[in-house]
Structure formats: structure tokens, C-alpha cells
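The values are calculated or read from the model by the stated rules, or taken from the named source; none is laboratory data. Because the structure is a prediction, the values reported are computed rather than measured. Positions of Cβ are backbone-derived with ideal geometry, glycine not excepted, and every protein chain shown enters the neighbour counts.
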Amino acid sequence: MELLLQFLSNTGFYLADYRNFVMLAIGSLFVYLAIAKKYEPLLLLPIGFGVLIGNIPFFKGFGLGIYEPNSVLHYLYFGVTTGVYPSIVFLGLGAMTDFSSLLARPKLMLLGAAAQTGIWVTLLSAMALGFMPKEAASIAIIGGADGPTSIFLTAKLAPHLIGPIAIAAYSYMALIPIIQPPIMRLLTTRQERRIHMSEPREVSKKELMVFPVIGLFLCCFLAPASIPLLGTFFFGNIMKESGVVDRLANTARSAVIDTATIFLGLTVGASTQGDVFLTPKSVSIFLLGAVAFSIATASGIIFAKIMNLFMKEKINPLLGAAGVSAVPGSAREVHLVGLKEDPTNFLLMHAMACNSSGVIGSAICAGILWSFMM
Amino acid sequence: MSIDSHILKPLDFFVDFKQHELETCAAALKSRTVAAGEVIIERGTPALTFFFILSGAYEVAFEGDRSIILEQKGEVMGWSTVIRPFHYTGTITAQKDGEVLEISSSDFFELIQGDNALGEKIMKKINKIASERRTIAAGSQ
């Protein structure tokens with residue numbers, strides 16, 4: 001009988017508290033959405049299953065949990081806490097990104113920079129709400145709408161917040177079709193949404209090959225702390241554009257990025273243990289994340305409108321909304337909102353320019369925040 | 001199953017595509033055989049994949065008992081994957097055995113990210129097809 005009681009007291013059923021069940025329900029919801037609704041399955045399935053793994057109750061000190069040294073999950077999580085997985089993801093992103101539309105119209109880079117305003121406004125807001133500067137910086141980076149960048153910076157500054165920040169960042173990336181269009185319509189007139197952009201010039205192969213090198217120098221001299229992200233990003237891009245290592249470029253944009261995404265999603269999900277995730281802080285992070293993302297969208301649009309005051313050839317202010325780094329989701333939304341207003345207005349290519357510069361912009365901001373906060 | 005770019009060349013949709021564009025598209029598309037009676041798209045479900053016809057005949061049944069038959073090689077089915085409303089507006093059933101090329105929305109957006117100009121070219125064509133199809137569907141009432 002004693003043995004039976006001992007066995008029962010060792011089971012997850014005995015060790016569980018309500019937080020485990022809440023998180024297991026959330027994890028199951030993610031898995032359901034990924035499989036049944038096919039909603040962002042590449043993100044939601046690994047994260048959702050990670051939430052399930054991370055929230056099965058276990059004996060503390062047994063070397064099982066993600067926060068326990070020497071556990072298998074802890075070793076896998078090492079790639080998150082050191083920033084290795086985000087760097088690998090950036091390598092793959094670089095190998096799959098085409099910068100031709102950005103190079104054809106470099107002034108659209110300014111919109112990618114302007115959209116980063118959301119990060120700085122949220123930084124100040126979070127500090128005003130009582131978050132420590134390092135925590136505030138980690139929350140603010142959600143405004144860049146870039147999951148790997150958010151995880152990278154949070155791992156460096158506030159590792160205890162990786163779970164809620166990663167989940168918030170990916171949630172807002174997935175919610176782009178819901179969050180961005182109303183802001184776009186609110187801040188632009190019908191006439192502005194109908195502005196056609198002129199055909200971009202053709203960009204030469206040479207320009208595309210030189211860009212990763214120049215981009216690396218410009219960005220990493222400005223913010224050396226962004227080297228782990230932008231170094232691999234531009235390396236991936238030169239592999240793509242040079243055409244001399246197609247095999248490596250193909251591997252980087254398929255097997256390599258997929259492997260990193262699997263472990264990133266799984267371990268970030270597993271890091272959401274109920275006792276560390278279900279806190280009032282997490283709720284604040286979600287709210288501030290929404291603010292950051294909304295301000296980022298709005299500031300890109302407003303900056304485009306300001307640019308139009310000084311420019312002869314007007315730009316469609318919707319493009320400003322694509323200044324966040326959620327590629328290509330926000331570019332697609334800009335394109336669709338423009339198309340709804342005028343079925344002959346194709347903004348996709350121009351929006352991709354802003355979107356690509358948003359990726360670079362948020363990585364630079366992460367580098368600046370990291371170096372300032374250390 | 002992945003395909004070769006020469007399969008795309010004769011299709012109307014790809015008629016003005018350059019060789020490297022055909023190769024990029026071929027790398028992203030997968031071929032799939034379809035059996036007569038098979039429902040490949042169900043109205044109202046999230047649009048996550050679109051198709052090009054290689055062979056066979058397909059009935060598109062819209063709301064209110066309206067329907068059209070698509071059987072021309074290269075015709076697009078499931079364009080709601082890339083333009084609003086993002087859910088299928090008709091149920092598509094194969095009328096006989098055939099073959100289609102398919103691409104998921106995530107693969108399509110990866111293609112756009114990797115080649116902006118090609119992405120826009122495809123979006124423009126799909127948009128044109130969608131407006132033509134809407135007119136046909138409205139006329140078949």
C-alpha cells in the first residue's frame with residue numbers, strides 16, 4: 001500500500017496544480033489550431049507541443065525541466081539562451097530574401113526605420129509602468145514584429161521573460177491580418193490608399209551581390225551588437241545572390257532554418273512552465289506588445305505621410321505599415337488593402353522593400369538596446 | 001512530387017515567364033494526381049493551397065447552386081489562397097482522373113520573399129483571373 005501511495009505521489013496527476021492545466025489547455029489549443037485549422041502550423045505546432053512538454057508536472061531537482069541544469073530540454077534550450085537559434089534563423093532568412101525592390105527604391109528604407117519607433121515608445125512606456133530597463137527593452141522589441149530578434153534580445157537581457165515575450169511576438173506576427181488593416185485605414189484617406197507607385201528600376205546582379213557586404217558594414221559598424229543576427233543574415237544573402245554556392249544557399253533556406261525553427265519553437269514552448277508564465281507580468285507583456293506593434297505600424301504610415309509633404313513623387317502611405325519585420329505577412333496586408341481600394345494598384349513589391357528593411361531595422365535596434373542595457 | 005520547368009512552359013499562365021522564373025516556380029510547385037469524384041477544395045474552409053490544372057476536368061460549385069467546369073490546362077483553382085477572402089468560395093470536385101500542380105500559401109510567400117518581381121507577376125495574374133472568374137460565376141446564376 002505504501003509503495004502504491006509512493007507511486008501515486010510520483011505521478012504528474014499528484015504533482016499538478018491549476019497552472020499546469022491552464023498551460024496544457026493553451027498548448028492543446030495551439031496544437032489544435034495548427035493541425036485542424038492549419039493556422040500558422042510551422043510556428044504553432046512546435047510551440048504548442050513545447051508548451052505541452054514543458055507543463056507536464058515533474059519532480060523538481062530530478063533533471064527533467066527546461067530550467068534544470070543537465071536536463072535534455074535545458075541543453076536544447078541552450079540554443080535559445082545563447083542566441084544561437086535566432087542567428088541560424090537569420091542565416092536562412094538572408095538566404096531566402098530578395099533585396100531587389102529595396103535597392104530599386106532605397107528611400108523606402110526610411111519607412112523600415114520609422115516603424116521602429118514602436119520599439120522606443122514601448123521601451124519608455126514599459127519603464128514608466130515599472131519594468132526594469134532590461135525587461136522594458138525586451139518587451140519593446142516585440143514592436144519589431146520579429147520573433148527571432150525578440151528571443152535573441154530577451155535571452156541577452158531578461159532571460160526569465162523569454163516565454164511570454166516569444167509567445168507575444170509570434171502571436172502578433174500571426175495576427176497581422178487582424179491588427180494592421182484597421183490601423184492602415186484609420187490613418188490614411190481613400191485617396192492616399194489609391195496612390196500608385198511607379199515601376200521600380202531593374203536592379204543588376206552586381207548590385208545585389210555588393211549589397212550584403214555594404215549592408216553588413218553599414219549596419220554592424222553602427223550597431224556592432226547586431227553582428228550575431230545581421231552577420232549571419234547578410235552571409236545568407238551573399239550565398240543566395242552570388243550564385244556560386246547554390247547548394248549551401250539552398251541548405252540554409254531549407255534544412256538549416258527548419259532545424260533551428262523546430263528547436264526554437266519547441267524549447268520556447270517548453271519554457272512557458274505555468275509557474276513562470278502565468279504571472280501578472282505576462283499579461284502586461286502581452287498588452288505592451290500589442291501597443292508596440294500598433295505604434296510600429298502607425299509610425300511607419302505617419303512617416304510616409306510626412307515624406308509625402310516633401311516629395312514630388314508621392315509614395316503610398318500604406319507602405320509604412322510594412323516597415324515592421326514580419327516578412328512577408330505585413331507586405332501582403334499592405335498589398336491587399338491597396339488592392340481593395342483600387343484593383344489595379346499592386347503594392348506588393350514596394351511593400352517588400354519596406355518589409356526587408358524592417359528586418360534589418362529591428363535587428364539594429366536589438367543591437368543598440370543590447371549594448372545600451374549591458 | 002517536385003516537377004521540371006518544362007512542364008510549366010506550355011501552360012498559358014506561365015507563357016511570358018523567363019527560364020529562371022519557370023525554374024523558381026517549378027521548385028515550389030508539387031504535382032498531385034486526382035481521382036474522379038475527389039473533392040480537392042471545400043467551400044468555406046481556409047484557403048491554404050492553390051492549384052494549376054495539368055489534366056482532368058473540375059467542377060467548381062458556388063453558393064446557390066451555381067457551378068462552372070474548369071478543364072483548360074494551366075487554369076488556376078483556389079486563388080483565395082493569395083487574395084481575399086482567404087477561404088475557398090467554391091467546392092471543387094474532380095469530374096475525372098487528372099493531375100494538378102499545387103503550392104501552399106507558405107511556400108508561395110517564401111517564393112515572393114525570394115523573388116519580389118516574380119511574386120508580383122504571379123499575384124497580378126491571379127488577380128486578373130479572380131476578377132474574370134467572379135464575372136463568370138455571377139453570370140452563371
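Kindly indicate whether B:Lys73 is touching a residue at least 24 places away in the same chain (Cβ under 8 Å), among the basic types (Lys, Arg) and within 26 Å of A:Ser254 (Cβ to Cβ). In short, no. Exactly one residue among A:Ile26, A:Ile88 is crowded, with 18+ Cβ neighbours inside 10 Å, within 26 Å of A:Leu369 (Cβ to Cβ) and of a type in the set (A, V, I, L, M, F, W, C), and that residue is A:Ile88. Considering the stretch A:6-35, and only residues there that are outside any helix (DSSP H, G or I) and more than 15 Å from A:Gly274 (Cβ to Cβ), the residue that is farthest from the chain's Cα centre (by Cα) turns out to be A:Asn10.
On the stretch given as the stretch A:117-145, residues that are in contact (Cβ under 8 Å) with a residue 40 or more places away in the chain, in a loop (DSSP other than H, G, I, E, B) and either closer than 15 Å to A:Trp370 by Cα or within 14 Å of another protein chain (Cβ to nearest Cβ) (or both) total 0. Could you go through the stretch B:53-71 and let me know if any residue there is under 29 Å from B:Ser5 (Cα atoms), loosely packed, with under 15 Cβ neighbours inside 10 Å and β-branched (Val, Ile, Thr). Yes, there is a match, as at least one residue in the stretch B:53-71 is under 29 Å from B:Ser5 (Cα atoms), loosely packed, with under 15 Cβ neighbours inside 10 Å and β-branched (Val, Ile, Thr). From the list B:Ser105, B:Ser131, the one residue that fits, being out of contact with any Gly (no Cβ under 8 Å at 6 or more places or on another chain) and facing another protein chain (nearest Cβ under 9 Å), is B:Ser131.
Kindly establish whether A:Leu336 is within 14 Å of chain B (Cβ to nearest Cβ), crowded, with 18+ Cβ neighbours inside 10 Å and farther than 24 Å from A:Leu153 by Cβ. Let's see the steps before the verdict.
Details: within 14 Å of chain B (Cβ to nearest Cβ): yes; crowded, with 18+ Cβ neighbours inside 10 Å: yes; farther than 24 Å from A:Leu153 by Cβ: yes.
Judged against the criteria, A:Leu336 is a match.
For the stretch A:297-309, the criterion of a residue being part of a loop (DSSP other than H, G, I, E, B), more than 14 Å from every other protein chain (Cβ to nearest Cβ) and surrounded by fewer than 17 Cβ atoms within 10 Å (Cβ to Cβ) is satisfied by no position. When we screen B:Ile83, B:Ile68 for residues that are under 16 Å from B:Ala130 (Cα atoms) and either part of a loop (DSSP other than H, G, I, E, B) or modelled with pLDDT of 90 or more (or both), the only hit is B:Ile83.
On the given criteria, is A:Gly92 within 14 Å of another protein chain (Cβ to nearest Cβ), touching a residue at least 40 places away in the same chain (Cβ under 8 Å) and of a type outside the set (Phe, Trp, Tyr)?
Numbers: within 14 Å of another protein chain (Cβ to nearest Cβ): yes; touching a residue at least 40 places away in the same chain (Cβ under 8 Å): yes; of a type outside the set (Phe, Trp, Tyr): yes.
Considered against the rule, which asks whether it is within 14 Å of another protein chain (Cβ to nearest Cβ), touching a residue at least 40 places away in the same chain (Cβ under 8 Å) and of a type outside the set (Phe, Trp, Tyr), A:Gly92 comes out as yes.
Applying the selection to the stretch B:108-126, what residues are at the interface with chain A (Cβ under 7 Å from one of its Cβ atoms) and either in contact with a Lys or Arg (Cβ under 6 Å, 6 or more places away or on another chain) or in contact (Cβ under 8 Å) with a residue 24 or more places away in the chain (or both)? Steps first, please.
Initial filter on the stretch B:108-126 (at the interface with chain A (Cβ under 7 Å from one of its Cβ atoms)): B:109-110, B:112-117, B:119-120, B:123-124.
If the condition is that a residue be at the interface with chain A (Cβ under 7 Å from one of its Cβ atoms) and either in contact with a Lys or Arg (Cβ under 6 Å, 6 or more places away or on another chain) or in contact (Cβ under 8 Å) with a residue 24 or more places away in the chain (or both), then B:Glu110, B:Gly114, B:Asp115, B:Met123 are the ones that fit.
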